[in-house]
Structures are given as structure tokens and as C-alpha cells.
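Reviewing the structure listed below.
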Amino acid sequence: MIKIEKRNDVSPSIYFLTPILAIFLTLFGGGIIFYVLGFNPIEALKFFFITPISDLYGFSELLIKATPLCLIAIGLSFCFKSNNWNIGAEGQLIFGGIVGGGVALLFYGHDGFYVLPIIILSGAIGGMIFAMIPAILKTYFNTNEILVSLMLVYVAKLLLDYLVVGPWSNPEGFNFPETRQFSESARMPILFDGLRIHAGIFITLITVFLSWLILYKTYLGFQIKVSGLSLKTAKYAGYKGKTMIIIVFMISGACAGLAGVGEITGPIGQLHRNISPDYGFTAIIVAFLGRLNPVGIIFASLIVALTYLGAETAQIFLQVPKYTGQVFQGMILFFLLGSDYLLFFKIKFLGLKKNEL
Amino acid sequence: MYKNFLRYIISVLFLLGVSGQANADFKVGFVYVGPTGDHGWTYQHDEGRKAVEAAGIKTTYVESVPEGADAERVIRQLAQSGHDLIFTTSFGYMDPTNKVAKDFPNVKFEHATGYKREHSNVSTYSARFYEGRTLLGHMAGKMTKTNVIGYIASFPIPEVIRGINAMTLAAQKVNPDIKTKIVWVFTWYDPGKESEAAQALIDQGADVIMQHTDSTAPVQVAEKAGVWSFGQASDMQRFAPKSILTSIIDDWAPYYVERSIAARDGTWKQQDTWHGLKEGMVAMAPYNSAMGSDLVKEVEQLQKDLASGKTHSFTGPIYDQKGNILVAEGSVADDGMLAGMNVYVKGVEGDIPQ
């Protein structure tokens with residue numbers, strides 16, 4: 001007979017080492033997949049994980065890809081730590097992009113240092129407001145935040161569709177579903193000539209620092225953690241659960257909104273229907289891979305970003321199907337959850353007892 | 001003396017090596033917006049790529065590249081990794097293509113369906129799909145019993161509106177009572193939305209369905225409902241053998257082969273290509289014999305006339321929905337007007353979404 005028992009004490013160092021174990025298992029599993037597909041596994045893994053960042057340009061691209069993932073995941077960590085399941089970061093990203101993009105279009109042709117900060121701020125507020133919808137519905141009407149936040153993703157997507165096809169479409173753009181290119185004053189400053197890495201990375205780093213400050217050095221952070229560990233304890237301690245739920249959703253939404261506005265004022269430079277290749281969903285993997293810890297999330301976002309770049313390079317050089325990138329993301333999560341299970345539970349082989357026969 | 005000789009030998013060997021390499025290493029890259037197995041737009045571009053490969057030229061492709069921030073990186077990587085000619089096969093790659101072209105003046109770029117050629121190494125190309133729509137209109141006008149033609153449209157861009165108008169004009173010519181009903185789905189590829197749109201049109205009385213979207217869902221719905229339909233981009237006959245009268249096929253292969261050879265041999269020049277039935281960039285799948293041999297003969301003749309230029313899809317008089325004249329009697333619409341078309345002709349129901 002097999003019995004599954006909860007482990008009483010989990011060593012904290014192992015807790016943070018399992019994501020690394022998951023990554024190695026993914027590399028191993030990936031190698032096997034490449035081998036089965038008929039590629040040299042070492043060579044394929046090299047193209048997947050080393051070639052993309054072998055030069056400065058590649059490194060800048062890695063940071064560009066990791067920036068939104070890191071921002072969103074940081075925001076999500078507030079929700080997830082306190083047992084609030086915000087699945088709709090993608091929608092909050094898009095809504096932040098819509099609000100920020102709308103302001104950018106409003107300032108079309110304006111110069112001035114104040115334009116970009118206003119756009120960034122409005123994008124963050126946009127994401128924040130959009131995230132408050134599931135939060136308020138949850139706290140005052142007892143709805144399920146998973147469903148509401150997920151459904152709102154489609155609302156945001158359709159709203160963006162409507163705007164870029166209709167009222168906000170480029171008047172000189174032959175009805176193609178996109179807005180004008182924003183003015184220079186509405187674009188993130190490029191940090192190095194010839195690379196696309198832009199000032200948005202500083203916003204991300206500041207956000208990471210602030211979130212660390214809030215989570216580990218403030219009373220709010222303590223409340224969040226306690227509610228995450230046990231809601232009953234939190235209530236017993238007299239924490240105002242409703243306010244906290246709304247606050248974590250607001251933080252999460254603001255981060256996603258910032259990610260959206262960073263994309264449209266950074267590498268994209270306009271609004272169109274595909275401002276995000278599902279960053280909001282991928283960031284969920286990033287948040288858990290980083291153990292909901294700000295520093296962990298930085299590393300996790302870089303690794304997941306690398307799977308995107310790797311899928312492109314591997315297809316260019318070896319014609320490996322592009323979807324292997326998603327397979328890798330899936331494998332990382334699978335191995336992480338799998339090792340977590342073994343971390344928190346132990347499996348006992350008891351043998352057969354006589355009376356059971 | 002000896003040193004000079006050695007230097008000479010080395011430089012000759014080096015030059016030989018370089019020039020030899022230039023040909024052997026000539027590579028063509030393709031950037032696709034969808035998966036190669038979509039049986040529509042990307043599938044046809046990949047067929048074109050295979051033809052280039054068959055002509056003895058190495059090719060590379062990257063599929064499912066989102067039209068957002070990622071496109072520029074992929075195009076740049078192709079340029080950086082030694083591709084000499086790069087086809088970017090979706091409208092959304094227009095700005096990234098031009099941006100990368102600026103930094104790689106020795107690499108040639110070909111952008112499908114766009115209008116920006118900001119650098120001398122960027123060409124654009126597209127097909128006169130509307131000529132195929134004229135043939136579809138002729139068949140639809142003859143085959144409909146309810147006089148309602150259902151049209152699943154993607155985005156209200158000139159290319160799509162041109163198709164709707166060309167089809168309606170041709171159908172009116174053989175059947176003045178027809179009405180064109182349109183459902184805008186605002187996507188190029190979404191089997192779910194497309195089949196809902198097809199069903200909605202059938203419910204509104206349409207007994208001929210056509211699509212300007214890429215999935216096979218509409219023809220499958222039509223097959224089930226027992227109405228006529230037309231395939232899009234590739235020959236979709238096997239997905240709806242009874243219902244499909246023909247398919248408009250995008251045949252990029254001859255163009256891709258020609259341009260790749262030109263780039264390899266150094267004769268590539270910037271151009272804006274708009275090819276149709278004549279050049280074979282637009283081709284028709286075999287006609288369904290269910291429409292009767294007389295109609296098949298008629299359509300085949302019309303196809304020949306469109307290809308030879310004897311007939312033009314937009315021959316006057318053409319009126320807009322309000323009855324204002326767009327093209328005078330006896331003249332044909334010029335390419336400038338076609339490229340920017342943003343009004344419906346008379347007989348189309350509804351307004352263009354703005």
C-alpha cells in the first residue's frame with residue numbers, strides 16, 4: 001500500500017533550490033525531445049539557450065522580453081501570496097495599454113518632458129482600475145475572482161479591437177487595425193544606440209525594489225503573508241480582509257498596466273491588436289517559478305524570456321518547430337509543481353498488511 | 001618575392017572562397033504570421049518557400065511570429081544570420097521590415113501586402129485577389145436561389161472591400177436582384193468566429209457563402225447546411241467536397257522563385273508588384289461540376305478574359321450605395337483608386353465599420 005503524508009518541516013534552502021532543479025529537469029527533458037525529433041540534443045539546446053544571448057543585441061532583446069514578464073509577475077505575487085487568484089493580468093495589461101495609448105494619442109504632436117510620465121502613470125492607473133473590478137466583486141458580492149478576472153481579459157481584448165478598428169484607427173492608415181505611431185515625446189528613451197532596450201527597465205527595477213520593501217518591511221506585507229498562510233488567523237488577528245484584497249489587486253493591476261504601457265511606448269510605438277503575446281498568462285508561470293519572491297521573479301522572468309528567444313533561434317538555425325518554446329515553458333511548470341509535491345508530501349510504501357488480505 | 005607570391009596565393013584563395021561561399025551560402029528567409037499548417041494564408045506562403053527550395057536555394061522559415069514587438073527581432077536575426085533575401089508575409093510586419101532594412105543595406109527585403117518602401121532594399125508585393133472575386137461573383141449570381149450572398153469579411157481594409165465590391169458587381173451583372181450581406185469577424189483566422197458568422201449568414205437566407213478569412217470552418221458549415229461555398233487561399237475542396245464551387249488560390253511560388261534567383265544572381269531591383277490571374281499569382285482551383293458544364297464554360301471564358309485584360313473587374317458604370325457615380329461608363333478603375341478603395345458599391349448592404 002502507498003500512503004501520502006504531509007511533511008512537517010520543509011527546509012527553506014531546498015524550497016528555493018527546487019526551481020533550479022526544475023530547470024535542469026526541463027533541460028534534460030528538452031534534450032530527450034530534441035533527440036526524438038531527430039536533432040542533436042546538445043546542439044539544439046545550445047541554439048535554444050546560448051545562441052540567443054551570445055551578443056549584446058541578444059542580451060538587450062532578452063531584457064525587453066523579460067521586462068513585462070517580471071513586472072506582471074511581481075504584481076501577481078502580491079495577489080498569489082494573499083490567496084487571491086488574479087488570472088486576468090493579460091486584461092489589465094491590455095487595459096493599461098489602452099488608457100496609456102489613448103493619452104499618447106491625445107498628446108499626438110506635443111513635445112515636452114511631461115508627456116511620457118503622464119502616459120506611464122495613466123497606463124498604471126488604467127490597469128489598476130481594471131483590476132479593481134474583480135476585487136470589488138469578490139469582496140462585496142462574493143464572486144469568484146478567477147472567473148471574473150479571466151473573463152475581463154476578453155472584454156479588454158474586444159475593447160482594444162474596437163478602438164483600433166474604429167475611433168482610434170490611423171486616419172492615413174487605409175483602415176488597417178492600428179493607431180498612428182506615437183510622437184517621439186511619447187516613446188520610452190532608448191538606452192543604447194542600435195539596441196532596443198529602453199528606460200522601461202528602470203521602472204521594472206524600481207518596482208521590484210518597492211515590492212520587496214512592501215512585502216518584507218511593512219505591516220501591509222505582513223498582513224498579506226499571514227492571510228496567505230491562513231485566512232482564519234488573519235481574521236482572528238483583526239486584519240481588514242476586504243481592504244487588503246482590493247489593495248493587492250490594485251498593486252497587481254498597476255504592475256500589469258505598467259507592462260502594457262511599457263510595450264506600447266517601448267518597442268511597439270502604437271496601439272494595435274497584438275500588443276501582448278499573452279504576457280499576462282505567461283507571467284503566472286514566472287511568478288511561481290520565482291517562488292513569489294521579488295529576486296526569484298527577476299531570474300524566472302529572464303529564464304522564461306529565454307525560452308521565447310530560444311524557440312526563434314532554434315527554428316532559424318535548425319528548423320525546430322516554434323512551439324517547442326511553449327513546450328519548454330510547460331515543462332518547467334510541470335517539473336516545478338512535481339518537485340513541489342514531493343517537497344511538501346512524502347510517499348510511504350507500507351507493504352501489505354495481513355488483515356487486508 | 002616569395003612573400004609577395006604567398007600573399008597573392010592567399011588573396012586569390014580567399015577571394016575564391018568568398019565568391020564561392022556567396023553562392024553556396026545564399027539563403028532566403030521567410031517570416032510567417034501563422035502556423036504552416038493553417039491550410040490558408042501561411043500554408044500557401046510555405047508552399048512558395050518549398051518551390052524556392054526545389055529550385056536549389058536554401059531557405060529558412062519562422063512561423064507564428066506575432067505582429068507586435070517580436071517581429072523586428074525575428075527579421076533582424078534572419079538578416080544577421082546570413083540570409084540574403086527575406087520575405088515578411090503579413091501586413092503587420094511593415095514597419096519592422098523597413099526598420100531592419102535600414103540597418104542591413106546588403107540584405108533584400110520583400111514585404112507582402114504593405115505600402116511602405118522606405119529604403120531601396122525593400123520591395124512590396126501583393127496579388128489581385130479581386131479578379132478571383134469577380135469569378136466568384138459570377139458563379140454566386142448564377143447559383144443563388146434566395147438572391148442573398150453571404151460574405152464573411154475580416155477587416156475593413158481596401159483589399160477586403162475591393163473583394164466585396166468586385167464580387168457584388170460581377171454577381172449583379174448576371175443577376176440584378178442579388179444582395180450581398182456581410183459579417184465582419186475582425187480576425188484573419190478564428191475557426192469559431194468564422195463558423196458562427198457562416199451560420200448567421202445562412203440563417204439570414206444566404207445560400208452562397210464566401211469568406212475573406214483563412215480557416216476552413218465556413219466551408220464546413222456550408223457543407224453541413226447544404227449551401228454553396230468558396231474556398232480561400234488554398235484549395236479547400238477536400239474539406240467540403242459537395243459545397244465548394246471553387247477556391248481562390250494564392251500562388252506565391254513563381255514570384256518567390258523568380259525573386260530569389262534574381263537576388264542570388266544580383267539582378268534584384270526594388271519594385272512594387274501587384275500580380276493577378278495573368279501572372280498566375282491568383283489561380284482558381286478546379287470548378288465543381290455540380291454547377292453545370294455551361295456555367296463552367298462561361299466562368300472559364302471569363303477567367304481567360306480577365307487574365308488577358310479583355311475584361312476588367314471594375315468596369316464602369318459603377319455607383320456607390322447612394323447612387324453617386326464612382327467609375328464612368330466605358331472606363332475602368334485605375335490602380336490608385338483600387339488601392340485606396342473604401343466605399344461599397346450599390347447592392348451591398350450595411351455600412352463599412354469605421
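Tabulated data
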item: Chain B, helix-only ellipticity at 222 nm - DSSP H runs n ≥ 4, -39,500 (n - 2.57), divided by all residues, nearest 500; result: -13000 deg cm²/dmol
item: Loop trypsin sites (Lys or Arg not before Pro), the range B:122-170, which have at most 10 other Cβ atoms in a 10 Å radius of their Cβ (DSSP); result: B:145
item: Set of lysines near residue A:322 by C-alpha distance (under 29 Å), chain-local residues within fewer than 8 positions excluded; result: A:46, A:65, A:157, B:27, B:50, B:58, B:99, B:102, B:108, B:116, B:193
item: C-alpha center-to-center spacing [the range B:28-50, the range B:76-106] in angstrom; result: 17
item: For residue B:327, net neighbour charge (Lys/Arg +1, Asp/Glu -1) across residues whose Cβ lies under 11 Å away; result: -3
item: Gap separating the Cα centres of the range B:186-251 and the range A:177-222, nearest whole Å; result: 45
item: Residue range of chain A that is longest and free of trypsin sites (Lys or Arg not before Pro) which are both DSSP loop and sparsely packed (at most 12 other C-beta within 10 Å); result: A:8-239
item: Cβ neighbours within 10 Å from other chains - mean over B:69-81; result: 6
item: Peptide A:277-283 - average C-beta neighbours from other chains (10 Å radius); result: 1
item: At least 18 Å along the helix axis (C-alpha) and Kyte average at least 0.0, DSSP helices within chain A; result: A:12-36, A:56-81, A:89-106, A:115-141, A:145-165, A:200-217, A:241-263, A:294-318, A:324-344
item: Candidates per chymotrypsin sites (Phe, Trp or Tyr not before Pro) in the range A:304-352, loop by DSSP, up to 15 other Cβ within 10 Å; result: A:323
item: Relative contact order (%) - the range A:279-334, alpha-carbon pairs under 8 angstrom, separation at least six; result: 26
item: The range A:236-297 and the range B:300-354: distance between their alpha carbon centers, rounded to Å; result: 49
item: Chain A, helix-only ellipticity at 222 nm - DSSP H runs n ≥ 4, -39,500 (n - 2.57), divided by all residues, nearest 500; result: -23000 deg cm²/dmol
item: Peptide-level mean, for A:314-320, of C-beta atoms on other protein chains within 10 Å; result: 4
item: Contact order relative to length of the range A:68-317, as percent, for alpha carbon pairs under 8 angstrom and 6 or more apart; result: 39
item: Cross-link partners of residue B:181 among aspartates and glutamates (Cα-Cα below 13 Å; sequence separation of 8 or more within a chain); result: B:203, B:207, B:349, B:351
item: Extension reserve of the residue A:346-residue A:4 stretch, reckoned as 0.36 nm per residue once the Cα distance is removed; result: 122.5 nm
item: Rounded, prolate or oblate (a/c below 1.5 giving rounded, otherwise prolate when a/b exceeds b/c) for chain A by Cα gyration tensor; result: oblate
item: In degrees, nearest ten, helix B:70-80 long axis to first principal axis of chain B (Cα); result: 40
item: Low-density loop positions, trypsin sites (Lys or Arg not before Pro), the range B:257-321 - DSSP coil, at most 14 other Cβ in 10 Å; result: B:269, B:278, B:310
item: Net charge of neighbours whose Cβ lies under 12 Å from the Cβ of residue B:301, counting Lys and Arg as +1 and Asp and Glu as -1; result: -1
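Read-outs throughout are calculated quantities, based only on the coordinates presented, and are distinct from any laboratory measurement. Computed from a predicted structure; not experimentally measured. Note that each Cβ is placed from the backbone with ideal geometry, even for glycine, and that neighbours are counted across all protein chains shown.
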